[in-house]
Structure formats: structure tokens, C-alpha cells
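To keep things clear, I will list the structure first and then write my remarks on it.
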Amino acid sequence: MVNKVFFLILLVGLPLSIIGNILHWPTVLMFVVYCITIVALAGYMGRATESLAIVSGPQIGGLLNATFGNAVELIISIFALKAGLIGVVLASLTGSVLGNLLLVAGLSFFIGGLKFKRQNFNVYDARHNSGLLMFAVIVAFVIPEVFSMTMSPAKTLSLSIGISIILIMLYLAALMFRLVTHRGVYQPKESGNIEHEEPEWKKWKAIIVLAFATAAVAYVSEALVHTFEEVAETFGWTELFIGVIIVAIVGNAAEHASAIIFAFKNKMDIAVEIAIGSTLQIAMFVAPVLVLISLFLPEKMPLVFTLPELIAMTSSVLLMTVISNDGETNWFEGATLLAAYVIMGIGFYLL
Amino acid sequence: MVNKVFFLILLVGLPLSIIGNILHWPTVLMFVVYCITIVALAGYMGRATESLAIVSGPQIGGLLNATFGNAVELIISIFALKAGLIGVVLASLTGSVLGNLLLVAGLSFFIGGLKFKRQNFNVYDARHNSGLLMFAVIVAFVIPEVFSMTMSPAKTLSLSIGISIILIMLYLAALMFRLVTHRGVYQPKESGNIEHEEPEWKKWKAIIVLAFATAAVAYVSEALVHTFEEVAETFGWTELFIGVIIVAIVGNAAEHASAIIFAFKNKMDIAVEIAIGSTLQIAMFVAPVLVLISLFLPEKMPLVFTLPELIAMTSSVLLMTVISNDGETNWFEGATLLAAYVIMGIGFYLL
Amino acid sequence: MVNKVFFLILLVGLPLSIIGNILHWPTVLMFVVYCITIVALAGYMGRATESLAIVSGPQIGGLLNATFGNAVELIISIFALKAGLIGVVLASLTGSVLGNLLLVAGLSFFIGGLKFKRQNFNVYDARHNSGLLMFAVIVAFVIPEVFSMTMSPAKTLSLSIGISIILIMLYLAALMFRLVTHRGVYQPKESGNIEHEEPEWKKWKAIIVLAFATAAVAYVSEALVHTFEEVAETFGWTELFIGVIIVAIVGNAAEHASAIIFAFKNKMDIAVEIAIGSTLQIAMFVAPVLVLISLFLPEKMPLVFTLPELIAMTSSVLLMTVISNDGETNWFEGATLLAAYVIMGIGFYLL
């Protein structure tokens, strides 16, 4: 049923997006068309990713989800960086962190928890992820914020570059740890009796759908970015609010779709991997890569968020660390994360 | 023995409080009379609550304790709000959070730990509570503090109202979670062989004592509030110190009494429920209700604490989260919490 | 092999240090000589301490390690305090905290993890230590920082004295807890089948070597301090960087040496006890003792760090708390701590 709706939306939305973009139809109308089209495309990405995840196991599957969910953010951000919109890029990075950590995980825990009383995920992965969240957000994002207060802009940029390189190196080390040196070391023993599900699509069909959907999302996303200024004016939103909330919701629709589907199927390992893994990829890979890319552009981007952005991220990480620490979820933990997201949403709306 | 002392204090203290209040006896004398009377009344409240707790089980019992411990704070605060003393209200909310989290829990752990080498409480409840403490203090109190720095007072108030509504909704959701959807889900299995203790008072006698004591505490508390200004002047205390330390100690005497009694009886589940449950009720119910009540009064109260208040609360929550994380206590963990309380007491005294 | 190298270094380095110090050889040359000599002496201290640790069991052994590792810092700091260099003392305290928590523990976890896939340590000790780290750094260091913002210097000093006394009292209480009231209570049960290792040196030989090496380290350290100003000028380093990074690395060489040796022998209990126990001794004993000693000197030292120092310490404590929470280590957790150390090193270098 849902799949048919998504197919119809796509059949109408994608041509409309392309034609409307070329013919310069009214901006607010196109904003809505773009958003809906991306959500439908995200549905396809989710199904393709799920098929691939079944083929390749939970770790690689989660990694695939995170990668194809964040490709959109990376592409949008590079365009925004080229346009010198550093504030919007930092806001959308913040929004992706908050969106994944509070909204995606919150919805997964909540909706999964409505069906199942208690859901479990691998507690070793949860602790591994908590350590990295602490490192990336509480250390690597907080230090430049505080140290740069009395630094010259040149030194702030040097510090940002140094931290970016270390973040990327540790991100690669984490991949090596999970996929090479400690592969399967922290897996629960009863994973032998896994029910071998059939993927919806075969490997190559899934890859082709994924590639096409990613390209289409990229095209529509770029068009979407150019509607922001006028939409912000029309609705009285700040660019910060659009970056933190709107970009995050639409840009992470893929993660939303697939994480919630997995949670509803009681596969919390993958749902958590999508939500937190995606946060870590934003913080430890997308953000530092953007800092390094900006060095080749007219305007350099230091890794210095605004204070509200930083506080929102650090308090989210502390909340998630405490909630995910026991490897169990229920609807109320989801509700807590969602409540935190709403509070931050109100805050950024009013700012 | 203790009960007889409390009975004698009450027999003398309550009439003295009423007569002294009407005849305007010297303020500092009356301040002492009021404080002692409240502590004696709190003893009765503790015994009545314990009786009811035995009748109604640990959860509802803990809830009863928290409710009747915080009725005092709520009443004092409404009077102070009517008098426009917003700073005192926020200070006494801070003091209640610190008092419950550090002083009540600290004394319970310490005194219980002098008798028992290791004491246990339900680790699921501890984690549930830690998540809510993080949410209420680290998210819901920190966000308006930081976001309001660059906001107009009107927007700060809007943000405060939004956060207050969310806090109350999540508090109600937490009650539903514990009492309806997940009742007994996180209980240890060996709870079958509970020794069925006899309550000191029958259900209706306990309710009547509780009602009378609550009313008397409210009457004496109101009189107490009006002595603060002169007492502060006489002893060279700031109103902040009175709000944070004196109000909290006297106002939470009920929790002190009953939590320590439960700890001494090795019923740490209830002792922890009183201390942390009471903190949560202050932060997630009393504080937001006061924000909403203030909308109908001449002076509106935003949910913005002073920086020392906020830092004292956030560091207490982090300390408690780490200490309560393992579901075990001993005298040294109690001593650590008490040491933190003394440090903050010195800080607020000197401020 | 290593032992022979250390013996040769000592045979050359110690006389050179003494002669060069008396004859005022070039400062930068002497800086290098002093550093290498201290590292070699630290090797001897490590071996002597290990011998004593085998004789006296892990707790006392860890305590000995921490004590003789921090004697150097205490002596350096008293000299610096006498010279009125309060900023350098606070920086070197910060550096010791960061050095032990991130560098010593990080190297232990990393190098131990290269040999062993998963290493375990006593999770009860880890939680006990986490609680104290939270107390010392997040409560006792943060409170004076924030409260002193609006305080007079006299009140800030009063607050510092009060907090220092409480820190020392709780430190002594912690010793009593671990060595008297709860000795062996939290030990794993399988500790019965410990292999009784032979110490390298007998008890008295170890004590004599330890005493001699400590005295020699103290002599060389004092000489080292007087090279800092010129070295800073020559290499373009700030005094802050020297205090935080150089003093910490050289001053903690003893802990480095012995912690890594223990980690490599899969004795993580002792390695962790050295790293975190040493941090706690710095924060809860050395720092407050220095505050109290400064009262008898012309310049009083309040317990108020700079904001970058405080943020570096608090984020390190949060990171370590999350990483050590499960009582398990691996190379990647070590790499994470080391990455955090490098980030802070870059930050202090650029500051």
C-alpha cells in the first residue's frame, strides 16, 4: 500500500520537480513539491537499502543506510559552502545531528515500543557509539568553541583543520575496528539462529534503484536549497530554523523511513545503527570533510558552531548516552527523545 | 522514642506558631519555632506516608511521599510568586532539586550504608530516573538559559511556556508508563517473597493524619516565608541562600525523615524513589506549573535560572547519574553526595 | 634490554644534569638532558613500584604508583608557587589530569589492546573512580569557576579554601573506604587463583631504589623548571603549553612507564588504577593541598582554572566515564583517548 503511494508520488513529483525547476514555478509551491518528492525517493532508498542490508548483514547494512542517508546532506552542504553560506552549513550539520539522535531514534523507539513492550539492541555497539558521540561532540566540537574565544581567526582555522584531520582518522580507525580487528567479537552468541529473510530486491536491482534514487535526491535537493530564502521570508522563519529543522527532517527522511521500518520489525540493532551511526558519520566525517573542502573555496569554514547549536548537540548526546546505555528501549524512551527534539525545535524557531 | 519527641514538639510548637504569628512575636524567634514545628509535622507525614506506602506498594508509596513532600514547596512558591519574588521561587526550586538529589539521597545512602555494607535498589528505575533527570535539567533547563541570551523577554517567555507544557506532558506520560503500560515489567523476579509488613496506621487514619499534617505544614510555611527578609538581614544571609538552602532543608524535612527511615530499613527502592522521584516532580511538574500559574499573575516567571543555579543543578545530575547507575549504594557514595551539597552550600552562602 | 638502556642513560644523564646545572650549560641542551634523565629515573621508579606492588597487592600497589608518580608534580608546583607562578601551577595541574586520564590511560589501553583483543578491569573500581572524577572535576572545579564570576577575590579565596578542605576530607574518606571498611568487598571472586609472581627486587631494595630515584627526580625537576622560560622563548611555546603538555609528559613518565608495562602484561586493574588513581590524587589531594600551602606564601592561589583548562578537564572526565563504564578496554578505546589528548594539545599549543 505505502509502496504504491510512494510510486504514484514519484511518478508525479519527479517530473513536476524537473519541469517546475526549469520553468521557475512559484517558489513556495515548488518547496512543497520538492519536499514530498524527496520523501518518496527516500522510501525507495530505504527499501533498496533494506534489501542490501539483508544481503550484507547488520553492520554493513547499517553503514549503507548511514552513507546513503547522508549523501544528501553532504551534497547540499557543498553547494551552500560554494555560495558562502557557512552559517547555514553549520546549522544543517547541527540539524542532522539533532535529527538523527533525537527525531530518528526517538520515532524508532516510540513506534517500535508501541508494538513491543521491551526492545533490545547490542549493548556493546551502544557503548562503542556513546564513546564516539562523547569524543566527537563533547570533545572535538566543544574544544574549538571554547578555545577560539581568545584566538585569532587564523589560529581558529588551524585548530579546526587539526581537529578535522583527527576526526577523520578516528572515524577510519573505528571502521577498521568494527569491520576488521574486532569483527564479530562483540556479537551476542545466539546470533547463530538468525532467520534468513528474503530481500525484496536482488543485489543488483537494489544497487541500481539506490543509485538512481540517490541521484534524483541530489538533483531535487539542490533545487530545494534555492527555495529556502524565499520560503523563509514568506513564513517568517529564520535561515537557522530552516537549516536546523527543515533540512534535517527532509534530508533525513531516508533514515526516518528505514529506521522506523526496522524498529517496527523489532530489528533494533539496525534501527539504532542507522540513527546513531548516521549521527557519527555527520559529526566525524561529513563535518570535518566540509571543513577541509572549504579550504579550497573562497570562504573557509572553521569548526565553530554557535553556542545554541553546540549546547543543543551536547545535551542531546548526554541524553542519548544515558538512554542507550542499557541496550534496551521502550515507547517512553522514544517519547523522551522526541520531547527533547520539540524543545530544541521551539528554541531554534524563536531564535 | 523519636515519635514521642515529635509528639511533644507538635503539642508545643503548633499552638506557639499560631499564637506567635497572630501576636507578631520577635521574627527570629518565630523563624526557629516555625522550622522546628515543620520538622515535627514532617515526621508525622513520614509515618502516615509509610503506612500508606505499605498498603499501596512501593511505586504508589514513593509517589505519595514525593507528592506530600513537595506540596509545601508548591504552596510557598505560589505565595512568593504572588509577591513578585521570582528570584526566590527559582532559588527555592534549585534548592529543592539540590536538596533532594544531594542531601536527601546523600543522607539515605550514608546512614543506610553505616548499617549495611552494600544496599541495592532497582537498577531499571535508576536508569529510567537518570534519563528523566537528564531530560529535565540538562535539556529543558539548559536550553532556555542559553537560547534566551540573545532573545527578547517576550520570546523567552514563549519558549518557557512551550517547554513547561512539554515537561508536564512528559511527566504525565512517565506516570502512565510506570503505572499503566509497563507496570511491574521492570520489577525483579524475586519480589514474590516480599514480607508483608503491617502498616503503623490503618489506611483511613493515615490519610487523615496526612491531610491534617499537610494543612498545618502549609499554614506554618506561609508564616515562615514572611520571616525570611528579616532573618536574612539579621544573620547576613542573602535571599538566594535562604531560598536555596534553608527553604530546601526545612521544606524537604518530610522527605529527609522518611527516606532515611526507609534506607535504615534497607528499603533502598523507596528511599531512592523519594529522593529522585521528588527531584523529578520538582523539575517536571512543580517548576512548569509555576511558570504557567505566573501567567495569571502580574509578574510572569520565565524558566531561566541564574548561571550558578543552573550549573549547580546540572553538575548534581551528572554526579547522581554516575553514582546511581549501578543500582548499588554504600556509605561512601552518600558521603560524596553530601560533600557536593556542602560545596554548593558554601558557594550559595558566599554568592 | 630496556633496563640496560635506562641504566646507561642514568649513568650519563644524572652526572651531566648535576654538572650542567652547576656550570650553567646552554639551557635548551640542559632541558633535553633533564627530560631524558627524568624518563630514565621514572623507569627505575616503575620497576621499584612494581616490585612493591607485587609484595603489597594491587590496591596498595596502585596507590604507591600514584603517590610516587605525583611527588614530582607536587614538588615542582611548590617551587612554582613560591615564585608566584600561579598560572603555571594551575596549568600543570590541568596537564597532569589530562596526561593521566587521556595519555597514560590511552597508551595503556592502546598498547595493551594491540596484544590482547579484550582486556578487563574491575568494574566496581571503575564506577567508584568515575563517581570521584565527576565529584572532583565536574563539581569541585566547576563550582568555583562559575560562582566566582560575580564574587570578590576574597570570597573566591574563601570558597577555594572550603572546597579544598572538603576535597581532602573526601579523599581520605575514599582511602578509608577502599582500605578499611570495604576492603575486598568489590573484588571478583576468582581472585583466589592468582599466580604468585616473584618481585624483581626484594622489599627493602625496592624501597631504597624508590627513595633514591624520587630524590633524584625532584632535584632534576627543579632544575628543569628554571629552563622553561628560555625554552618557551626559543621554540615559540607559551608557558601554558609547557605547563599543560611538557610538564605533564615528563612529570608523568613514571606512570606512563609502569601503566603501559602492566597493560602489556594484561594487568589492567593496576594500569587503570595508576592512570585514574593518579588523576584523582592530583585533583583531590595535590590541587587542594597547593591551595592551602599558598595561604602561607605571598601569593594565594584560588581554585579557579582558566575556561579552556576547565573545559578540557570536564570533557576528558565525561569521555573517560563513558569509556571506562563497562570495565573493558580495547585498542580503539585507547585510540579515542589519545585522539582527545592530541586535540587538546593542539588547542593549548595555539592558545
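The values are calculated or read from the model by the stated rules, or taken from the named source; none is laboratory data. No experiment lies behind these values; they were computed from the predicted model shown. FYI the Cβ positions are ideal-geometry reconstructions off the backbone, even for glycines, and counts take in every protein chain you see.
Scanning the stretch A:134-144 for residues that are more than 7 Å from every other protein chain (Cβ to nearest Cβ) and closer than 19 Å to C:I138 by Cα turns up A:V137, A:F141.
Conditions tested, residue by residue: (1) modelled with pLDDT of 95 or more; (2) in contact with a Phe, Trp or Tyr (Cβ under 6 Å, 6 or more places away or on another chain).
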position	(1), (2)
B:I270	no, yes
B:K300	no, no
B:V322	no, no
B:T336	yes, yes
B:I343	yes, no
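Inside the stretch B:41-97, residues that are β-branched (V, I, T) and either at pLDDT 80 or above or touching a Cys at 6+ places or on another chain (Cβ under 7 Å) (or both) make up a count of 8. Mind checking which residues of the stretch B:75-127 are within 25 Å of B:A216 (Cβ to Cβ) and aromatic (F, W, Y)? Once the filter is applied, which keeps residues that are within 25 Å of B:A216 (Cβ to Cβ) and aromatic (F, W, Y), the stretch B:75-127 yields only B:F79.
Listed by first and then second residue, the pairs linking a residue in the stretch B:25-38 that is over 16 Å from B:A213 (Cβ atoms) to a residue that is surrounded by 16 or more Cβ atoms within 10 Å (Cβ to Cβ) and among the small types (G, A, S), with Cβ atoms under 9 Å apart and 6 or more places separating them unless they lie on different chains, are B:P26/B:G20; B:L29/B:G20; B:M30/B:S17; B:M30/B:G20; B:M30/B:A223; B:V33/B:G13; B:V33/B:S17; B:V33/B:G20.
Put simply, of C:I282, C:I323 the only residue that is surrounded by 23 or more Cβ atoms within 10 Å (Cβ to Cβ), at the interface with chain A (Cβ under 7 Å from one of its Cβ atoms) and over 20 Å from A:E145 (Cβ atoms) is C:I323. If we scan the stretch B:122-143, do we find a residue that is at pLDDT 85 or above, more than 26 Å from B:G251 (Cβ to Cβ) and among the β-branched types (V, I, T)? The answer is yes, given that some residue of the stretch B:122-143 is at pLDDT 85 or above, more than 26 Å from B:G251 (Cβ to Cβ) and among the β-branched types (V, I, T). Just one of C:L292, C:L307 is in contact (Cβ under 8 Å) with a residue 40 or more places away in the chain and facing chain A (nearest Cβ under 9 Å); which is it? Criteria check complete, one pass: C:L307. When you check B:S158 against the structure, is it at the interface with chain A (Cβ under 10 Å from one of its Cβ atoms), part of a helix (DSSP H, G or I), among the hydroxyl-bearing types (S, T, Y) and out of contact with any Asp or Glu (no Cβ under 7 Å at 6 or more places or on another chain), yes or no? Yes, satisfied. A single entry from B:A340, B:A312, B:A263 fulfils the requirement of being more than 12 Å from every other protein chain (Cβ to nearest Cβ) and buried (at least 23 other Cβ atoms within 10 Å of the Cβ): B:A263. Go through the stretch B:1-49 and give me each residue that's touching an Asp or Glu at 6+ places or on another chain (Cβ under 7 Å) and within 18 Å of B:F264 (Cβ to Cβ). Listed by number, the list holds a single entry, B:R47. Candidates are the residues of the stretch A:94-125 that are assigned to a helix (DSSP H, G or I) and facing another protein chain (nearest Cβ under 10 Å); the one that is surrounded by the fewest Cβ atoms within 10 Å (Cβ to Cβ) is A:L114.
Screening the candidates A:V220, A:V244 for the property of being of a type in the set (A, V, I, L, M), at pLDDT below 85, farther than 27 Å from A:L172 by Cβ and under 18 Å from the mean Cα position of the chain (by Cα) yields one hit, A:V244.
For the stretch C:326-334, the criterion of a residue being surrounded by fewer than 22 Cβ atoms within 10 Å (Cβ to Cβ), within 12 Å of another protein chain (Cβ to nearest Cβ) and at pLDDT below 85 is satisfied by at least one position. Here is the figure for the stretch A:128-154: residues that are of a type in the set (S, T, Y) and closer than 17 Å to C:S324 by Cα total 1. Taken as a whole, the structure leaves A:I274 outside the set of residues that are within 14 Å of chain B (Cβ to nearest Cβ) and farther than 26 Å from A:S160 by Cα. Filtered by the rule that a residue be facing chain C (nearest Cβ under 7 Å), closer than 23 Å to C:S324 by Cα and either surrounded by fewer than 17 Cβ atoms within 10 Å (Cβ to Cβ) or of a type in the set (V, I, T) (or both), the stretch A:161-174 gives A:I166, A:A173.
Select from the stretch A:145-158 the residues that are among the hydrophobic types (A, V, I, L, M, F, W, C) and touching a residue at least 60 places away in the same chain (Cβ under 8 Å) and list them in ascending order.
A:L157
B:W237 fulfils the conditions (1) within 17 Å of the chain's Cα centre (by Cα); (2) part of a loop (DSSP other than H, G, I, E, B) except for a single criterion, (1).
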